[in-house]
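So the structure is just underneath, and the comments pick up after that.
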Amino acid sequence: MSLKARIAALIEAQGPMSVAQFMTIALLDPKEGYYPNREAIGAAGDFITAPEVSQMFGEMIGLWLVQAWADQGCPKNPRLVELGPGRGTLMADILRTAAVAPEFLADLDVVMIEASPAMQAQQADKLRGLGTDLSWQAQFDDHLGDRPLFLVANEFFDALPVRQYVKTERGWCERMVTALDGELQFALAPVPAPKASVPAGREAAPDGGVFETSPASTALAEEIARIIATKGGAGLILDYGYGEAAGFSETLQAVSGHRFAEALYDPGHDDISAHVDFASLAAAGKRGGASVFGPTTQGMFLANIGITERAEQLMKANPESSRDLLTAIERLIGNDQMGQLFKVLAFAPPSITDMAGFAP
Ligand code: SAH
């Protein structure tokens, strides 16, 4: 039975499911979910991420992390956590670059948070032989709160489930997934959502306006911020999304073979994600007690921490790859490419008042 047929059968047995539940099953079902079973990332997959565009991305992030560690007096026993490490490329580039600070690497504990066993295996392959103490967990948990926490998440939060509410004459009704003759479709819950689900200040929406929340994302961001605020460390979240308060349109999207697809059409086969609401993540970071920097754009962030200078250095050393390096830089920071749509947010302990890459 296809994953779509299984979801339809589940809905027939139990009633409509939230968009969040649909996303979770479509992305992570162990047998037929997207991440455990598809070649998601890369030219042959469905999308390309910044670390796959160029090693310069991971190098700059590696330097940023080492700088944040040094700025806090080089705390002992740091832990480096990556959320959703994909093919392991970003972590490989970070660890290679962090060799500039052998004391950082010396007693570093590296933890990869990865739900998909297939992706875990790919990451282990990539990172074998790097000589660092590595382990894997399917989920972030509070056991990771006992050391200074240096954390990076690139294109992770967009994969976390969102709930959607639609403004109607009756109030805000949750958008659900239902099934008809084996096909999946959206339908509104007949009863409006309790007031607490929809934050104050959102009443101005037109009829049909959609409001999205990602409780899984904000809870995780708050937990990370709380650890960084109390134990030290720094967190860097990069993703596509909006920096200001969100509008009233939905952002759930499906992508297959580098093209957009219908979100409900082929669960397990297509990637599904939603724009990250950086204003909510920033607010969660403050609730957790951290100093919050940004959101700024990926273009500004990478330019501020010197990616152009790094490209010039590489071009001098390898003039024959100048054209490729220029293309990569344009892709990462160009306003019509990843530079503007992608945002960056950082957390640090409350004593830290400025942070590389962010305007003071
Ligand atoms: N950071 C990588 C990959 C981004 S794709 C890069 O930039 O290339 C998203 C990654 O997060 C994949 O590795 C996917 O398997 C993992 N993932 C998605 N949802 C997850 C969840 N809820 N918990 C843990 N890992 C998840």
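Averaged per residue, what accessible surface does the range 106-145 expose to a 1.4 Å probe, in Å²? Display every interim value, and only then the final one.
Working: 2090 Å² over 40 residues.
Normalised by residue count, the accessible surface of the range 106-145 is 52 Å².
Given the alpha-carbon gyration tensor of the range 63-140, what are the semi-axes of its equivalent ellipsoid in whole angstrom, ordered largest first, with each equal to the square root of 5 times an eigenvalue? Intermediate results must be reported in sequence, preceding the final value.
Details: eigenvalues 100, 32, 21 Å².
They are 22, 13, 10 Å, listed largest first.
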Where a ≥ b ≥ c are the square roots of the eigenvalues of the C-alpha gyration tensor, would you call the range 92-179 rounded, which needs a/c under 1.5, or, failing that, prolate if a/b is larger than b/c, or oblate?
prolate
Classify the range 1-65: rounded, prolate or oblate, from the alpha-carbon gyration tensor (a ≥ b ≥ c, eigenvalue square roots; a/c under 1.5 rounded; otherwise prolate if a/b is larger than b/c)?
prolate
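What number, in nm² with one decimal, is the all-direction average of the projected area of the convex hull of the alpha-carbon atoms of the range 203-360?
Values: hull surface 50.0 nm².
Average projection, Cα convex hull of the range 203-360: 12.5 nm².
Two-decimal Rg/Rh of the chain from alpha-carbon positions, Kirkwood Rh?
On the way: Rg = 20.8 Å, Rh = 21.3 Å.
When Rh is taken as the Kirkwood radius, the ratio is 0.98.
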By average C-beta atoms within 10 angstrom, highest first, the peptides 255-264, 226-235
226-235, 255-264
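How large is the helix-only mean residue ellipticity at 222 nm for the chain, computed as the sum of -39500 (n - 2.57) over DSSP H runs with n ≥ 4, divided by its residue count, in deg cm²/dmol to the nearest 500?
-10500 deg cm²/dmol
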Quick one: angle between helix 55-71 and the longest Cα principal axis of the chain, in degrees between 0 and 90, rounded to 10, please.
70
Quick note, the range 97-143: a/c under 1.5 would make it rounded; otherwise a/b > b/c is prolate and the rest oblate (a ≥ b ≥ c, C-alpha gyration tensor); here it is oblate
Cα long-axis angle, helix 19-28 against the chain (0 to 90 degrees, to the nearest 10):
50
For q = 0.16, 0.18 Å⁻¹, what log10 I(q)/I(0) does the range 88-243 give under the Debye formula with an equal point scatterer on each alpha carbon and no solvent?
-0.99, -1.14
May I ask for the percentage of alpha-carbon pairs in the range 228-309 that lie more than 14 Å from each other?
71
re the range 1-143: pairs of Cα atoms spaced beyond 18 Å account for a percent value of 63
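At 0.36 nm per residue, minus the direct Cα-Cα distance, what do D142 and A193 gain on full extension? Give it in nm, one decimal, please. Can you show the working numbers first?
Details: separation 51, 0.36 × 51 = 18.36 nm, distance 3.06 nm.
Here the answer is 15.3 nm.
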On the accessible surface of the range 64-155, probed at 1.4 Å, how many percent belong to carbon and sulfur atoms?
48
Between helix 117-127 and the chain: long-axis angle, C-alpha atoms, 0 to 90°, nearest 10
10
The range 26-105 - Kirkwood radius from inverse mean 1/r over Cα pairs (Å)
14.2
Debye calc, one equal point scatterer per Cα of the range 166-248, no solvent, log10 I(q)/I(0) at q = 0.18 1/Å comes to -0.92
Kirkwood Rh, the range 270-360, all Cα pairs: how many Å?
14.8
Fraction of beta bridges assigned by DSSP in the chain that are antiparallel (%, nearest 5):
55
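The values are calculated or read from the model by the stated rules, or taken from the named source; none is laboratory data. Keep in mind it's a predicted model, so treat the numbers as computed, not measured. A quick note on method: Cβ atoms are made from the backbone with ideal geometry, for glycine too, and the neighbour counts reach across all protein chains shown. Ligands, DNA and RNA are stripped out before the accessible areas are found, and what is left, the full protein with its side chains, is counted by its heavy atoms. Shrake-Rupley method; radii C 1.70, N 1.55, O 1.52, S 1.80 Å.
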